[in-house]
Amino acid sequence: MPIHCSVSRDILIEGLNSLQNITTKKSTTMAILSNVLIEVVREGELILTGTDLEVGLRLHISADVMEEGSITLPSKKLFEIVRESGNNMITIQETENNWVVITAGKSTYNLAGMASDDFPEFPEIEDDTFVLLDSHIFLELIDKIFYSIANEQENIYSLNAVLFEKEKKEGLTYLKMISSDGHRLSIMEKQVDKDIEALTLNPVTLIPKKGIQELKKFCEGRDGFSVSFEKKQMVLKDDKATMVIRLKGGEFPNYNAIVNSIRQENKMEMDRIPFLDSLKRINLFTEDNFHTIRISIENNKMILSSQNAELGNAKDEQTISYSGEPMVLGFNCRYFIETLQVMECERLEAYINSSSSPCMLRSDTDTGFLSIIMPMQL
């Protein structure tokens, strides 16, 4: 049946905005994925659905319904129309051959849609496996590990995802996210006070990078929501929205073996902000591709240096607390900068076995966070 409804501009633009990152991805196989599915199913409610087959989001918004039905419309163009409209109410009325007339005050738009029959079905959801969690738990986990997720061009498929785990220690329950791009490793865990015994994870639960981005957006502006993990998908929902994220298959590197390989004996301590500022200065003269810097450590003194074949070189000195053997280290400067930027401590601890071993960064202030950065050849 042809749809006919009116909806508040502010409510509609909020819903369409939530779908843009999902629907704007170009698909060479299914053009309809650039569309948003609009379903008018009963009096007073409109359902918006977008998917890229990796992440799907369904939103329930209030509307004045004249005729029930469904159609898909170009998501970006509809969003632009509503965004630029100066009227408080938007009316959408389907005419013939999947065309709709959109009326906003004295403005009228004719927009070509596509039949809803070809739109992918929203995944079925098992309703008996959900637990209620606070949004801030996921936000804190994501903020600490997102920077070290591998890009799409990374050869190891599973590194384009985040490993998600649930762990019990000393009678307490923790949720944990781990990311790595093969050159660095980030681990963040948060204690959960609520009973999440019913939250069942797969032996290896991998949430894709795109899913992590959309999970963060889902959390923002919400105090909490229900979450469930099925064999192939993660589901988030509250009374107004449902998000489904397709999980990745595969294995994740044994991160515990990497952590345990670093002896937490050879320790150096330094002030985080001065060290971060020094790294930013030294990075000005690194080669663009590898950002390699030289770090010389001896007698409570750290000397950072970099060299660019075309531009010149830079040197900076920091006072640290260190009583071990002198070391000369090579690292990617950008990896240190990005790690220190997500930390909040004043005083930083770094552990390293030798000049050729990884460096572990942590602090008592950044509870649950751990970063490991692999060395580079000088």
Whichever lysines have a C-alpha closer than 30 Å to that of residue 315, once near sequence neighbours (fewer than 8 apart) are set aside
144, 267, 280, 301
Evaluate the charge dipole of the chain about its Cα centre and quote only its size in Debye, nearest 20, assuming +1 on the Cβ of each Lys and Arg and -1 on the Cβ of each Asp and Glu.
1000
Mind pulling up the Rg/Rh value for the range 90-175? Radius of gyration and Kirkwood radius, both on Cα.
1.21
Let me have the relative contact order for the range 1-140, percent, based on Cα pairs under 8 Å that are six or more residues apart.
26
In a Gaussian network model of the chain with springs linking alpha carbons closer than 10 Å, the residue among 257, 112, 350 that fluctuates most is 257
Over the range 209-358, what relative contact order in percent results from Cα pairs under 8 Å that are six or more residues apart?
23
On Cα atoms only, tilt of 75-84 relative to the major axis of the chain in degrees
80
With a Förster distance of 25 angstrom and the Cβ-Cβ distance between residue 68 and residue 30, calculated FRET efficiency to the nearest 0.05 equals 0.45
Computed from the beta carbon distance with a Förster radius of 30 Å, FRET efficiency for residue 167 and residue 303 to the nearest 0.05 stands at 0.15
Over the Cα atoms of the range 265-342, what Rg and Dmax result, in angstrom?
12.3, 40
Ranked by GNM mean-square fluctuation in the chain (Cα springs under 10 Å), the top entry among 144, 315, 210 is 315
Using +1 at the Cβ of each Lys and Arg and -1 at the Cβ of each Asp and Glu in the chain, identify which of 107, 375, 179 lies farthest towards the dipole's positive end.
375
Along the positive direction of the dipole of the chain (beta-carbon charges: Lys, Arg +1; Asp, Glu -1; about the Cα centre), which of 12, 270, 22 reaches farthest?
270
At 0.36 nm per residue, minus the direct Cα-Cα distance, what do residue 288 and residue 143 gain on full extension? Give it in nm, one decimal, please.
49.6 nm
Could you tell me the center-to-center distance, by alpha carbons, between the range 167-216 and the range 309-378 in angstrom?
25
In square angstrom, rounded to the nearest 10, how much accessible surface does residue 130 have for a 1.4 Å probe?
40
Relative contact order for the chain: what percent, with Cα pairs under 8 Å and sequence separation of 6 or more?
13
Convert each backbone phi in the range 258-266 into a coupling constant with the Karplus relation 6.51 cos²θ - 1.76 cosθ + 1.60 (shift: θ = phi - 60°), then list the ³J(HN,Hα) values in order as whole Hz, x for Gly and Pro.
5, 4, 6, 6, 9, 6, 8, 10, 7
Degrees, to the nearest 10: 333-342 long Cα axis against longest axis of the chain:
60
I'd like to know which of 148, 359, 228 lies farthest towards the positive end of the charge dipole of the chain, counting +1 on Cβ of Lys and Arg and -1 on Cβ of Asp and Glu.
359
Choice from 267, 194, 106 showing the highest fluctuation, given a GNM over the chain with Cα pairs closer than 10 Å
106
Within-15-Å neighbourhood charge of residue 109 [Cβ basis; K, R +1; D, E -1]:
+2
Everything considered on the Cα gyration tensor (a ≥ b ≥ c; rounded for a/c under 1.5, else prolate if a/b is larger than b/c, else oblate), the range 1-150 must be described as prolate
Just one of (1) 78, 62, 31; (2) 79, 54, 35; (3) 66, 46, 43 is Cα extents along the principal axes in Å calculated from these coordinates, so which is it?
(2)
So between residue 41 and residue 193, what do we pick up on full extension, going 0.36 nm a residue minus the alpha carbon distance?
50.8 nm
What does the extension gain come out to for residue 213 and residue 257, with contour length at 0.36 nm per residue minus their alpha carbon separation?
13.0 nm
Averaged per residue, what accessible surface does the chain expose to a 1.4 Å probe, in Å²?
49
With a 1.4 Å probe and every protein chain kept in, tell me what percent of the accessible surface of the chain is carbon plus sulfur.
45
Once you charge only the Cβ atoms, +1 for Lys and Arg and -1 for Asp and Glu, what is the size of the charge dipole of the range 156-223 about its Cα centre, to the nearest 20 debye?
260
Between residue 220 and residue 151, the two model label points (7 Å from Cα along the beta-carbon direction) sit apart by a distance in nm of 2.2
Output the 0 to 90 degree angle, nearest 10, between the alpha-carbon long axis of helix 272-283 and the longest principal axis computed from the alpha carbons of the chain.
90
Taking the Cα centre of the range 222-355 as origin, sum charge times position over the Cβ atoms of Lys and Arg (+1) and Asp and Glu (-1), and report the length of that vector in debye to the nearest 20.
540
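The values are calculated or read from the model by the stated rules, or taken from the named source; none is laboratory data. Note that the structure is a prediction, hence the values are computed from the model and not measured. Please note: Cβ atoms are built from the backbone with ideal geometry, for glycine as well, and neighbour counts cover all protein chains shown. Note: areas computed on protein heavy atoms with side chains; ligands, DNA, RNA excluded. Shrake-Rupley method; radii C 1.70, N 1.55, O 1.52, S 1.80 Å.
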